[in-house]
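What follows is a short report on a single structure.
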């Protein structure tokens, strides 16, 4: 993690971040343009970003509270006039920004569970908006109404298209004011499942009239109590260090014959591998410390990790998947419903859908990393169009 406050204080003028993840809090105390270049600024407690100088522009940044419900939920606090936000996403409240109201209440995740294949299904989300907002959905298999929110309690209706059996529905709804807020949508169309409708969804969720559902909202109960992880979420793995964690990659099918392989990079504190042995894959199936394995037996694409065995110099394990071979015509747009599932023995802990991939040939799926002596898991889901060779190069491993 970068010491972002120190870097800001020592710099002058505008402040440009390199793409990545930065731990806050950060106070912007001089007029400037802060360009996050798509980075995430996070802290367990708010405020994460405080602006005390006038004439500040914040752009291309995600600001996120990662602590629990009992923490200060302020993501951005502004005490100065003439502050502009452009392409800024927040997870938390925004306080003091002109024409922006705090105390939004909405679910971060709408888990639709299983619903009927080959039929339209309707769900409802209740959310409380303190100000006017626009609702944007870029999911081709989901319609939303209304597309404008008014101050007060709002009911958002989600209608699925007629999806084929075993199709996973995964994506985001964006709530836009001066900043952007996000609701993750997750569900699965299954043949023989009941058709969901808005009134039944509210009844199944056990919601009293006019009440606000908890986060995450469960409108139609999933088959299993498995947590669906969201991109950028951070999960403590305390209590699992001496367990063998199994990560399984799976998909629903491919448009053309192709093979997806697993690659695990063991990185030092400089973000680089120390040698080729720190890349674990089908050609080097076990790390030198015996902590990470990628077995080639069986039909599943699997990685096995025991965090207690990881060498003390390794600060991060990056879990990646790549399409095998040099055929430029093969990429992840041809893969239907890719996802990874995390197991502790036979118990499934988490799932993470690798959504929004198109012409990428490789994807960074997740990271296991040390933070203040604790191992954490972060889903990433970032695709690489240049493929595996470029990914290896970025981690300090040369390929032929």
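The values are calculated or read from the model by the stated rules, or taken from the named source; none is laboratory data. Every value quoted in this text rests on a predicted model; they were computed, and no experiment measured them. Using ideal geometry, Cβ is built from the backbone for each residue, glycine included, and neighbour counts are taken over all protein chains shown.
Residue by residue through the range 100-118, note down the ones that are buried (at least 18 other Cβ atoms within 10 Å of the Cβ), closer than 14 Å to residue 132 by Cα and modelled with pLDDT of 80 or more. Scanning the range 100-118 gives a single hit, 104. Out of curiosity, is residue 28 within 20 Å of the chain's Cα centre (by Cα) and modelled with pLDDT of 85 or more? So residue 28 does not fit the description; no.
Just checking, does the range 187-195 include any residue being under 16 Å from residue 171 (Cα atoms), modelled with pLDDT of 85 or more, touching a strand residue (DSSP E or B) at 6+ places or on another chain (Cβ under 7 Å) and crowded, with 20+ Cβ neighbours inside 10 Å?
Within the range 187-195, the first condition is being under 16 Å from residue 171 (Cα atoms), and the residues that meet it are 187-189.
Imposing the further condition that a residue be modelled with pLDDT of 85 or more reduces the set to 189.
Imposing the further condition that a residue be touching a strand residue (DSSP E or B) at 6+ places or on another chain (Cβ under 7 Å) reduces the set to 189.
This time we only want the ones that are crowded, with 20+ Cβ neighbours inside 10 Å, so: 189.
Checked against the condition, which is being under 16 Å from residue 171 (Cα atoms), modelled with pLDDT of 85 or more, touching a strand residue (DSSP E or B) at 6+ places or on another chain (Cβ under 7 Å) and crowded, with 20+ Cβ neighbours inside 10 Å, the range 187-195 yields at least one hit.
Within the range 14-24, the set of residues being modelled with pLDDT of 90 or more, surrounded by fewer than 18 Cβ atoms within 10 Å (Cβ to Cβ) and in a loop (DSSP other than H, G, I, E, B) comprises 14 only. Within the range 240-261, the residues that satisfy the criterion of being surrounded by fewer than 16 Cβ atoms within 10 Å (Cβ to Cβ) and part of a strand (DSSP E or B) are 250, 253.
When residue 354 is tested against (1) within 25 Å of residue 66 (Cα to Cα); (2) surrounded by 13 or more Cβ atoms within 10 Å (Cβ to Cβ); (3) in contact (Cβ under 8 Å) with a residue 40 or more places away in the chain; (4) in contact with a strand residue (DSSP E or B) (Cβ under 7 Å, 6 or more places away or on another chain), only condition (3) is not met. Each residue in the range 306-338 was checked for being more than 12 Å from residue 260 (Cα to Cα), assigned to a loop (DSSP other than H, G, I, E, B) and under 26 Å from the mean Cα position of the chain (by Cα), and 5 pass. Among residues of the range 317-338 that are farther than 30 Å from residue 270 by Cα, those with a beta-carbon under 6 Å from a residue that is not in a loop (DSSP other than H, G, I, E, B) at least six positions away or on a different chain give the pairs 330/323; 334/254; 335/254; 336/253; 337/168.
Rundown of residues vs (1) at pLDDT 90 or above; (2) crowded, with 17+ Cβ neighbours inside 10 Å; (3) at positive phi; (4) assigned to a strand (DSSP E or B), yes/no style:
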site	(1), (2), (3), (4)
183	no, yes, no, yes
199	no, no, no, no
207	no, yes, no, no
224	no, no, no, no
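Does residue 74 meet the test of being in contact with a strand residue (DSSP E or B) (Cβ under 6 Å, 6 or more places away or on another chain), at pLDDT 90 or above and either within 14 Å of residue 180 (Cα to Cα) or surrounded by 18 or more Cβ atoms within 10 Å (Cβ to Cβ) (or both)?
Values: in contact with a strand residue (DSSP E or B) (Cβ under 6 Å, 6 or more places away or on another chain): yes; at pLDDT 90 or above: no; either within 14 Å of residue 180 (Cα to Cα) or surrounded by 18 or more Cβ atoms within 10 Å (Cβ to Cβ) (or both): yes.
It is false that residue 74 is in contact with a strand residue (DSSP E or B) (Cβ under 6 Å, 6 or more places away or on another chain), at pLDDT 90 or above and either within 14 Å of residue 180 (Cα to Cα) or surrounded by 18 or more Cβ atoms within 10 Å (Cβ to Cβ) (or both).
Taking the criterion of being more than 23 Å from residue 308 (Cβ to Cβ) and part of a strand (DSSP E or B), the residues of the range 353-376 that qualify are 353, 362, 363, 364.
Residues in the range 126-144 that are buried (at least 19 other Cβ atoms within 10 Å of the Cβ) and more than 21 Å from residue 162 (Cβ to Cβ): 5 in all.
Yes/no matrix, rows are residues, columns are (1) outside the structural domain of residue 339 (by TED's automatic domain parsing); (2) surrounded by fewer than 14 Cβ atoms within 10 Å (Cβ to Cβ); (3) assigned to a strand (DSSP E or B); (4) under 25 Å from the mean Cα position of the chain (by Cα):
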residue: 263; (1), (2), (3), (4): no, no, yes, yes
residue: 269; (1), (2), (3), (4): no, yes, no, yes
residue: 274; (1), (2), (3), (4): no, no, no, no
residue: 280; (1), (2), (3), (4): no, no, yes, yes
residue: 288; (1), (2), (3), (4): no, no, no, no
residue: 296; (1), (2), (3), (4): no, yes, no, no
residue: 304; (1), (2), (3), (4): no, no, yes, yes
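Checked against the criterion of being touching a helix residue (DSSP H, G or I) at 6+ places or on another chain (Cβ under 7 Å) and farther than 29 Å from residue 190 by Cα, the range 378-385 contains one or more residues that satisfy it.
Given the residues 303, 291, which is the only one that is within 19 Å of residue 237 (Cα to Cα), touching a helix residue (DSSP H, G or I) at 6+ places or on another chain (Cβ under 6 Å) and without any contact (Cβ under 8 Å) to a residue 60 or more places away in the chain?
Step by step, each of 303, 291 is checked, and only 291 is within 19 Å of residue 237 (Cα to Cα), touching a helix residue (DSSP H, G or I) at 6+ places or on another chain (Cβ under 6 Å) and without any contact (Cβ under 8 Å) to a residue 60 or more places away in the chain.
Among 28, 95, which is the only one that is touching a helix residue (DSSP H, G or I) at 6+ places or on another chain (Cβ under 8 Å) and in contact (Cβ under 8 Å) with a residue 12 or more places away in the chain?
Numbers: 95 fails: touching a helix residue (DSSP H, G or I) at 6+ places or on another chain (Cβ under 8 Å).
Sole residue among the options that is touching a helix residue (DSSP H, G or I) at 6+ places or on another chain (Cβ under 8 Å) and in contact (Cβ under 8 Å) with a residue 12 or more places away in the chain: 28.
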